[in-house]
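Written out below as structure tokens is the structure these notes cover.
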Number of protein chains: 2
Amino acid sequence: MARLAGRSTGTAPRSIDVARLAGVSQKTVSRVMNGEQYVSDHVRRRVLDAAAELGYRRNHAARALASGRARSIGVVTLGTALYGPASLLMGVERAVRDAGYALHVVNTMEGDAAGIAGAVDSLLDQGVDGIVISEPIDEEGDADLSRRVDVPVLVLGAPPQFAASRVVTAGIVSDQLARAATEHLLELGHTTVHHLAGPPRWYAARDRLEGWRATLAAYGRREPPVIPGDWSAASGYAAGRRLASDDSVTAVFAANDDMAIGLIRALLEAGRRVPEDVSVVGLDDIPVAAYVTPPLTTVRQPFDATAQDGLKHLVHAIEHPDANPIPVNDPPVELVVRASTAPPPHRTTPNHRRTSA
Amino acid sequence: MARLAGRSTGTAPRSIDVARLAGVSQKTVSRVMNGEQYVSDHVRRRVLDAAAELGYRRNHAARALASGRARSIGVVTLGTALYGPASLLMGVERAVRDAGYALHVVNTMEGDAAGIAGAVDSLLDQGVDGIVISEPIDEEGDADLSRRVDVPVLVLGAPPQFAASRVVTAGIVSDQLARAATEHLLELGHTTVHHLAGPPRWYAARDRLEGWRATLAAYGRREPPVIPGDWSAASGYAAGRRLASDDSVTAVFAANDDMAIGLIRALLEAGRRVPEDVSVVGLDDIPVAAYVTPPLTTVRQPFDATAQDGLKHLVHAIEHPDANPIPVNDPPVELVVRASTAPPPHRTTPNHRRTSA
DNA sequence: ATGAAAGCGCTAACAC
DNA sequence: GTGTTAGCGCTTTCAT
């Protein structure tokens, strides 16, 4: 409504005002503002000076309308401050800006009726040129996503089968993450590894579960029952209380650090030592992971690299609608070994520190 | 570029296409899409059906251009996944959407040359109707912010003196947060409270420092030297190592939970018990706070309420440019008492558990 | 309660 | 290199 005055009136300067002041045509101003060639340095300077003097700022809406491109990308995130999603969002923002686009953000709350489809819809209403879906969860309506979306979509954190028509890429490394964690525990000498999983509706949780399962299979180990969790430390704690009485549990891979911390707390309260009796590895490397007791062994995810790489592909798909998608390469995963993991207790005479459950 | 076909062509349906199909004028379609009155239910239905059949979706750019309002709000955040800023962002997103606006996000990295001013500028280029600055830090160029910004600005986390011309509100409660923490410790019987502060460039850090200082003064207690930190658990740990040898330290208020956890870790490693020897209170109530050892006493900030309330004011300022700002009321602060705080050790015979530093 | 005409401020062709 | 002419798809008046 109220805009900065070109001079003293209540209305914003337009390119034609700049043109008049610089003594050129409006189109020339447009050329200069867009950094096009075929403008003499001399004219360019005059235009820039005039623009600065007037406090000119080009009108985004008019640009978008005339060009048919909004130069913006929308991202759908979960409405949580969870470390993983939040970190990914920050990475996406940076990558989007580096690519010269603006970023629109829409949250989906878990249990939101509209869900991801609704979020995508509102982004489409805003006229974004591309969409990033970060850490998606299962929703009704996923299937018809591809039918309704006419812009490229980047899905971060979903397995390839989510991909549809213009859904171009999915750059995530969750199965590697789980493998790194599980292998670490196995190499330490544990006969098997329990898994404290995330909510099954999350692709990230399922990926981790599958990675754990595959690793166990590759080592020829028996697969213990999956322990359900919901990412929260509270769910890790609840799991820990149940597990504490089971002496056969010597190693647990928790699908994120919060659950790992809750788990450890319950174990400790029950008199089980970590890592002497039970080893625990988390996933994320949240800021406090190195400072809890005991410092947490965990797997770090390259959020920035994932976001950047994925966005490169999305922008490519936006700007070259007919080109084939370029392959995505998984960024490296990093195992951070700290003090919550160790070899299993008395390997030769298992199971008699206390009467087994 | 490529848009969903109205039918089978490569171009999106426009309101006039809907109008033709419904047998009404284009203006009537506009009325229906905007939920205006003075449209008979009968016509409304026909238009809605036609729009649905065509897959019509109104063009945001054209709307913004014609109306002069983009119906979007921009938010400037720090490029971190820190719990506080991330939570605030989520709250802002929800509030923005509830108000019927779209959300543009721009990060400022700490040490970013352009800084907040640059971020605000890019938001202005995008034509936002209002701006939210979340958890600002000191920057060069703050002063001229008001001179350059022609839309209302909501500053979350800054003291009133940041306010300038169209900077309408600042809804934050940091000094209350600090008071709640400090008072709790004092009421427990500690003669004074040390403060592990955040980086002084952050308004939030300074607010907490001032709140702590004021509370100490109100109780007539001596103010120990401020312990510098940078929000990170690592800085808390470093502080803890230095403090561990000083028996006069019996209570510490850390400006956030991460630092509190690092601090506790260092204290524990040095053989100081928490809370028996030293009480620690954090701030934020991060998800793992209840599950670290010992469970952390902390102060919870009402991010959602703060964001909602602030946004209400911002939207008001956007939609009623000439109205006076309505006063902001601070949302309630919540002290969460857990196991990291207790009365000081042997109150009657102070300072001889170990030789003082 | 509905319609016609006139832009919003820019980019896109195409001239010169 | 630079200018001219048309729109982009809506919202606004203002009629009716």
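The values are calculated or read from the model by the stated rules, or taken from the named source; none is laboratory data. This one's a predicted model, so the numbers in the text were calculated from it and none came from an experiment. Counting neighbours? That spans all protein chains shown, and the Cβs are built from the backbone with ideal geometry, glycine included. Surface areas here come from the heavy atoms of the whole protein model, side chains and all, with no ligands, DNA or RNA. Shrake-Rupley method; radii C 1.70, N 1.55, O 1.52, S 1.80 Å.
Evaluate the stretch B:26-41: report whether one residue or more is open to solvent by 30 Å² or more (accessible area, probe 1.4 Å), aromatic (Phe, Trp, Tyr) and within 16 Å of DNA strand D (Cβ to nearest atom).
Yes, there is a match, as at least one residue in the stretch B:26-41 is open to solvent by 30 Å² or more (accessible area, probe 1.4 Å), aromatic (Phe, Trp, Tyr) and within 16 Å of DNA strand D (Cβ to nearest atom).
Looking at (1) buried (at least 20 other Cβ atoms within 10 Å of the Cβ); (2) within 16 Å of DNA strand D (Cβ to nearest atom); (3) outside any loop (DSSP other than H, G, I, E, B), which is the one condition that is false for A:Asp49?
Result: A:Asp49 fails condition (1) only.
What's the total number of residues in the stretch A:11-50 that are of a type in the set (Lys, Arg) and more than 42 Å from the chain's Cα centre (by Cα)?
3
Out of curiosity, is A:Arg97 within 16 Å of DNA strand C (Cβ to nearest atom) and not assigned by TED's automatic domain parsing to the domain that holds A:Val32?
Judged against the criteria, A:Arg97 is not a match.
Out of the stretch A:20-54, which residues are away from chain B (no Cβ under 14 Å) and within 9 Å of DNA strand C (Cβ to nearest atom)?
If the condition is that a residue be away from chain B (no Cβ under 14 Å) and within 9 Å of DNA strand C (Cβ to nearest atom), then A:Ser25, A:Gln26, A:Lys27, A:Val29, A:Ser30, A:Arg31, A:Glu36, A:Tyr38 are the ones that fit.
If I ask for residues that are under 30 Å from A:Ile116 (Cα atoms) and in contact with an Asp or Glu (Cβ under 8 Å, 6 or more places away or on another chain), which ones from the stretch A:41-74 would you list?
Hits for the stretch A:41-74 are A:His60, A:Arg69, A:Ala70, A:Arg71, A:Ser72, A:Ile73.
Among the residues of the stretch A:318-335, is there at least one that is buried (at least 19 other Cβ atoms within 10 Å of the Cβ) and assigned to a helix (DSSP H, G or I)?
Checked against the condition, which is being buried (at least 19 other Cβ atoms within 10 Å of the Cβ) and assigned to a helix (DSSP H, G or I), the stretch A:318-335 yields at least one hit.
Quick one: which helices (runs of 4 or more DSSP H) sit completely within the stretch A:56-163 and have at least 2 residues that are open to solvent by less than 10 Å² (accessible area, probe 1.4 Å) and at pLDDT below 90?
The qualifying helices (runs of 4 or more DSSP H) are A:115-125.
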